[in-house]
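Novice: Sharing a structure with you now.
The values are calculated or read from the model by the stated rules, or taken from the named source; none is laboratory data. Quick caveat, the model's predicted, so the values are computed rather than measured. Neighbour counts run over all protein chains shown; Cβ positions are idealised from the backbone, glycine included. The accessibility values were calculated without ligands, DNA or RNA, using every heavy atom of the protein model including side chains. Shrake-Rupley method; radii C 1.70, N 1.55, O 1.52, S 1.80 Å.
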Amino acid sequence: QVQLVESGGGLVQAGGSLRLSCAASGSIRRIDAMGWYRQAPGMRRDMVAVITSGGRQNYAESVKGRFTISRDNAKNTVYLQMNSLKPEDTNVYYCNVITDYEALWGQGTQVTVSS
């Protein structure tokens with residue numbers, strides 16, 4: 001089985017930065033896309049950023065130019081560098097990993113941006 005462990009959330013002032021990490025472990029044959037999503041209570045889970053196995057990146061319009069997604073294939077880890085954070089970025093952030101046979105979600109990490 002494959003497990004995902006997220007880290008890096010927390011409380012930061014507006015304009016600050018945070019870096020999220022998500023490490024996949026277990027019986028991994030191949031990881032295709034890796035990504036980050038966020039979800040507020042009672043709302044749908046929205047894509048923040050996705051990176052393919054080839055390194056192609058896709059971002060939500062609201063985070064373009066502020067967030068950067070990257071991955072370390074040797075460590076089966078995906079990162080989300082978040083700069084110039086805004087109060088509206090406050091959410092629970094979930095990593096998503098798509099392997100050759102399943103899609104997995106992390107446990108979620110809270111990001112709170114104070115004004």
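Novice: Please report the net charge: other residues with Cβ closer than 12 Å to the Cβ of A40, K and R +1, D and E -1.
Specialist: Net charge around A40: 0.
Novice: Among DSSP beta bridges lying fully in the chain, give the percent that are antiparallel, nearest 5.
Specialist: Taking every DSSP beta bridge with both residues in the chain, the antiparallel ones total about 90 percent.
Novice: Add +1 for every Lys or Arg and -1 for every Asp or Glu among the other residues with Cβ under 14 Å from the Cβ of D100, and state the total.
Specialist: Local net charge: 0.
Novice: If you average the sequence gap of Cα pairs under 8 Å that are 6 or more apart and divide by the length of the chain, what percent do you get for the contact order?
Specialist: Taking the mean separation of contacting Cα pairs over the length of the chain, I get 36 percent.
Novice: Tell me, what is the FRET efficiency for I28 and S115 to the nearest 0.05, using R0 = 25 angstrom and their Cβ-Cβ distance as r?
Specialist: With a Förster radius of 25 Å, E is 0.05.
Novice: Within the accessible area of the chain, what % is carbon and sulfur when the probe is 1.4 Å and the other protein chains stay in place?
Specialist: Here it works out to 47 percent.
Novice: Give me the accessible area per residue for the chain, probe 1.4 Å, as a whole number in Å².
Specialist: 53 Å²
Novice: How far, in nm, would the chain grow between Y101 and R45 when pulled straight, counting 0.36 nm per residue and subtracting the alpha carbon separation?
Specialist: Taking Y101 through R45 to full extension adds about 18.0 nm, to one decimal.
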